[in-house]
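Right, I'll just put the structure down here and ask away after.
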Amino acid sequence: MDNRKRNGNVYTFIYAAIMVIVVAALLSFVSQVLKPRQVANMMAEKQQSILRSVHLEGNLYERYIRDTVVGPAHLALYICTLEDGTRKYIIPLAGKGLWGPLRGYLALNGDFRTIYGAVFDHDAETPGLGAEITTAAFSDSFRGKSLYQADRFVSLSILKPGKAASNPNAVDGISGGTLTSRGVENMIRESLEPYLPFFKHYE
Amino acid sequence: MNKRIFLDPIFKNNPVSVLALGICSALAVTVKLEPAMVMALSVTLVTGFSELILSLLRNTVPNRIRIIVQLVVVATLVILVDQILKAYAWQVSKQLSVFVGLIITNCIIMGRIEAFALSNKPFPAFVDGIANGLGYGIILVAVSFFRELLGSGTLMGYPVVPQKWYAVNGGFYENNGLFILPPMALIVVGLIVWVFNAQNDKKVWNK
C-alpha cells in the first residue's frame, strides 16, 4: 500500500475502528469462555482460606464449615465444628493495605475472646515486604492471642518486630511492611467491631 | 543472522544493562526470586508475540496512530495472558496480577517494537522479542537472587541461611534489611551493569 493513502484520515479512522472492534470482540469472547473456571478458582480459594484459618487443609469444607449470618445487619459468620465437638467462629475481614485491599479470616475460640487461627491475603502489597502477611510465620503468631484486656475489647496491636512476644494483645509486624501491618491492625479492629454486640449476646 | 538476532540482546546488547530499558520494573519486582521469574517469563512471551503481530501488521499500520496500535496490541496480549493464567494457573496469576500494569508500560516492549518489529519480517521480529525478554529476565533473576539471599535469607522461598546462625537464635547473622528496600535494587542493578559491561567495554564505547 502506498504511503500517501496509508496516512490519510479515512484510512486511519477505519483502521482504528476495525482494530477496536476486533480487540473488544476477542477480549469479551475470551472473558466469557474463561469466566466459569475463574469463578470456580475464586470459590475454591475462599473455601481453602476459611479452612486454613482453622488449621485444616484439603477437600473438607462441606464436612466442617457451615455459613450463617448474625445480627440485624446480617453479618457473615462461618462456624467450624471440629471432630471433638468444639466450635470455632470464623469472621471475614476486609480492610485497606498500602497499595490495595486486604482480606482475611479470623477464627475465634468459643469464648469469642481468644484467637484460634488467622489467614490474610492481599491484592497488591509489595512482594517481600507487605506481601509477607500471607506467610504462615505471620499468621501463626496470632494463635492464642487475646482481643480483650480484662473485660474491655482492645483488638490486637501490631508492633515493631521483636516487641510482641509476651504481650497477649499484640503480634509482631513485618519489617519493611509497616504500613501494611498497620492496615492489618485496622482491618481486624474495624471488621470485628460490628460483631461485638453479637459476642456479648453469646457470653 | 538469526543466531545474532537471538544472542545479541541477551549479552552484547542486553536491554537492561546496555540499552538501559526496563530498569523501572527491574527495580520493582526483584525482592524475591519467584515473582522475578514469573515476570521474566511473562515479559518474554508478551515481547515475542507483540513483535510478531506488529511485524505482520507493519505494512498496514497508519503512521499517525502507530503508538496507539502498538499499545492496543501489547495491552490485549497482557490481558489475554492474565485471563488465561487466572483460569488455568490461579496461583501464578495471583503473583503476576500486580505486575500486569508494569508489563504494559515496560519500555523494552515498546522500544523493540519501534526499533525492530516495524522494519523486519515476522520471524526475526519474534526471535528478537523472545531474546530481549530473556536478556531482561537474566538481569532480573540475577538481581533478585542477591536481594532474596541477602535480604531474606531464602531462595525461591526456601530458607538457605541456617536458622542457628541468626542472632535471635544465639548466632552472629542478621538479614540485611536494606536489600529488601528499593534503593538496594538500584545499587545491585548498577553493580551488575558494571560487571556485565566490563568485558563489552571496548566494543561498546570505542565504536
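Condition check: closer than 28 Å to B:Glu148 by Cα, touching a strand residue (DSSP E or B) at 6+ places or on another chain (Cβ under 9 Å) and at pLDDT 85 or above. Does B:Leu33 satisfy that?
Numbers: closer than 28 Å to B:Glu148 by Cα: yes; touching a strand residue (DSSP E or B) at 6+ places or on another chain (Cβ under 9 Å): yes; at pLDDT 85 or above: yes.
Considered against the rule, which asks whether it is closer than 28 Å to B:Glu148 by Cα, touching a strand residue (DSSP E or B) at 6+ places or on another chain (Cβ under 9 Å) and at pLDDT 85 or above, B:Leu33 comes out as yes.
For segment A:2-69, list the helices (runs of 4 or more DSSP H) that sit wholly inside it and hold at least 2 residues that are under 37 Å from the mean Cα position of the chain (by Cα); which are they? Spell out the reasoning first.
On the way: elements: A:3-6, A:9-53, A:61-64.
The qualifying helices (runs of 4 or more DSSP H) are A:9-53, A:61-64.
Run down B:Leu27, B:Leu19 and say which single residue is within 11 Å of the chain's Cα centre (by Cα) and either in a helix (DSSP H, G or I) or more than 14 Å from chain A (Cβ to nearest Cβ) (or both). Quick ask: steps written out before the conclusion?
Numbers: B:Leu19 fails: within 11 Å of the chain's Cα centre (by Cα).
After applying the criteria, what remains is B:Leu27.
Inspect segment A:29-36 for any residue being among the aromatic types (Phe, Trp, Tyr) and touching a Leu at 6+ places or on another chain (Cβ under 9 Å) and give the result as yes or no.
From segment A:29-36, those among the aromatic types (Phe, Trp, Tyr) are A:29; that's our starting set.
Restricting the remaining residues to those that are touching a Leu at 6+ places or on another chain (Cβ under 9 Å) gives none.
So far as segment A:29-36 goes, no, none of its residues is among the aromatic types (Phe, Trp, Tyr) and touching a Leu at 6+ places or on another chain (Cβ under 9 Å).
Going by the structure shown, is A:Leu98 surrounded by 11 or more Cβ atoms within 10 Å (Cβ to Cβ) and more than 14 Å from every other protein chain (Cβ to nearest Cβ)? Outline the logic, then answer.
Values: surrounded by 11 or more Cβ atoms within 10 Å (Cβ to Cβ): yes; more than 14 Å from every other protein chain (Cβ to nearest Cβ): no.
No, not satisfied.
Specify the residue that is surrounded by the most Cβ atoms within 10 Å (Cβ to Cβ); the eligible residues are those in segment B:151-162 that are within 12 Å of another protein chain (Cβ to nearest Cβ) and not small (Gly, Ala, Ser).
Within segment B:151-162, the match that is surrounded by the most Cβ atoms within 10 Å (Cβ to Cβ) is B:Thr154.
For segment A:70-89, give me each residue that is in a strand (DSSP E or B), modelled with pLDDT of 85 or more and out of contact with any Asp or Glu (no Cβ under 9 Å at 6 or more places or on another chain).
Residues of segment A:70-89 that are in a strand (DSSP E or B), as a first pass: A:70, A:75-81, A:87-89.
Of the ones still in play, those that are also modelled with pLDDT of 85 or more are A:75-81, A:87-89.
A:Leu75, A:Cys80, A:Thr81, A:Arg87, A:Lys88, A:Tyr89 - these are the residues of segment A:70-89 that are in a strand (DSSP E or B), modelled with pLDDT of 85 or more and out of contact with any Asp or Glu (no Cβ under 9 Å at 6 or more places or on another chain).
Among the numbered criteria (1) over 23 Å from B:Phe6 (Cα atoms); (2) within 14 Å of chain A (Cβ to nearest Cβ); (3) surrounded by 12 or more Cβ atoms within 10 Å (Cβ to Cβ); (4) not acidic (Asp, Glu), which single criterion is violated by B:Leu140?
(1)
OK, next. Could you list, in sequence order, all residues of segment A:179-203 that are within 19 Å of A:Asp111 (Cβ to Cβ) and hydrophobic (A, V, I, L, M, F, W, C)?
If the condition is that a residue be within 19 Å of A:Asp111 (Cβ to Cβ) and hydrophobic (A, V, I, L, M, F, W, C), then A:Ile188, A:Leu192, A:Leu196, A:Phe198, A:Phe199 are the ones that fit.
I want to confirm something. Restricting to segment A:130-158 and keeping residues that are over 14 Å from A:Ile188 (Cβ atoms) and in contact with a Ser or Thr (Cβ under 7 Å, 6 or more places away or on another chain), which single residue is nearest to the other protein chains (Cβ to nearest Cβ)?
Once the filter is applied, the top-ranked residue is A:Gly130.
In segment A:187-197, what count of residues is obtained for those that are surrounded by fewer than 17 Cβ atoms within 10 Å (Cβ to Cβ) and under 10 Å from A:Ile91 (Cβ atoms)?
1
Name the pairs: first residue in segment B:136-163 and within 15 Å of B:Pro35 (Cβ to Cβ), second residue of a type in the set (Phe, Trp, Tyr), Cβ to Cβ under 6 Å, at least 6 apart or on different chains?
B:Arg147/B:Phe179; B:Gly151/B:Phe179
Being in a helix (DSSP H, G or I), within 12 Å of another protein chain (Cβ to nearest Cβ) and farther than 21 Å from A:Ala25 by Cα narrows it down to one of B:Val74, B:Val92, B:Val69, so name that one. Walk me through how you get there before you give the answer.
Values: B:Val74 fails: farther than 21 Å from A:Ala25 by Cα; B:Val69 fails: farther than 21 Å from A:Ala25 by Cα.
Answer to the check: B:Val92.
Tell me which residues, restricted to segment A:125-155, are over 27 Å from A:Phe199 (Cα atoms) and either surrounded by 21 or more Cβ atoms within 10 Å (Cβ to Cβ) or among the aromatic types (Phe, Trp, Tyr) (or both).
Of everything in segment A:125-155, those that are over 27 Å from A:Phe199 (Cα atoms) and either surrounded by 21 or more Cβ atoms within 10 Å (Cβ to Cβ) or among the aromatic types (Phe, Trp, Tyr) (or both) turn out to be A:Glu125, A:Thr126, A:Pro127, A:Gly128, A:Leu129, A:Gly130, A:Ala131, A:Glu132.
Examine segment A:38-56 for a residue that is of a type outside the set (A, V, I, L, M, F, W, C) and over 30 Å from A:Ala137 (Cα atoms), and state whether such a residue exists. I'd like the intermediate steps shown before the answer.
Here is the first cut: in segment A:38-56, the ones of a type outside the set (A, V, I, L, M, F, W, C) are A:38, A:41, A:45-49, A:52-53, A:55.
Filter again for over 30 Å from A:Ala137 (Cα atoms), leaving none.
No.
Being part of a loop (DSSP other than H, G, I, E, B), of a type outside the set (Val, Ile, Thr) and crowded, with 18+ Cβ neighbours inside 10 Å, is that true of even one residue in segment A:156-171? Steps first, answer last, please.
Start the filter on segment A:156-171 by keeping residues that are part of a loop (DSSP other than H, G, I, E, B), which leaves A:156, A:160-169.
Those left that are additionally of a type outside the set (Val, Ile, Thr): A:156, A:160-169.
Those still in the list that are crowded, with 18+ Cβ neighbours inside 10 Å too: A:156, A:164.
The answer is yes, given that some residue of segment A:156-171 is part of a loop (DSSP other than H, G, I, E, B), of a type outside the set (Val, Ile, Thr) and crowded, with 18+ Cβ neighbours inside 10 Å.
The values are calculated or read from the model by the stated rules, or taken from the named source; none is laboratory data. Keep in mind that this is a model prediction, so the values were computed, not measured. Glycine gets a Cβ as well: all are built from the backbone with ideal geometry, and neighbour counts include every protein chain shown.
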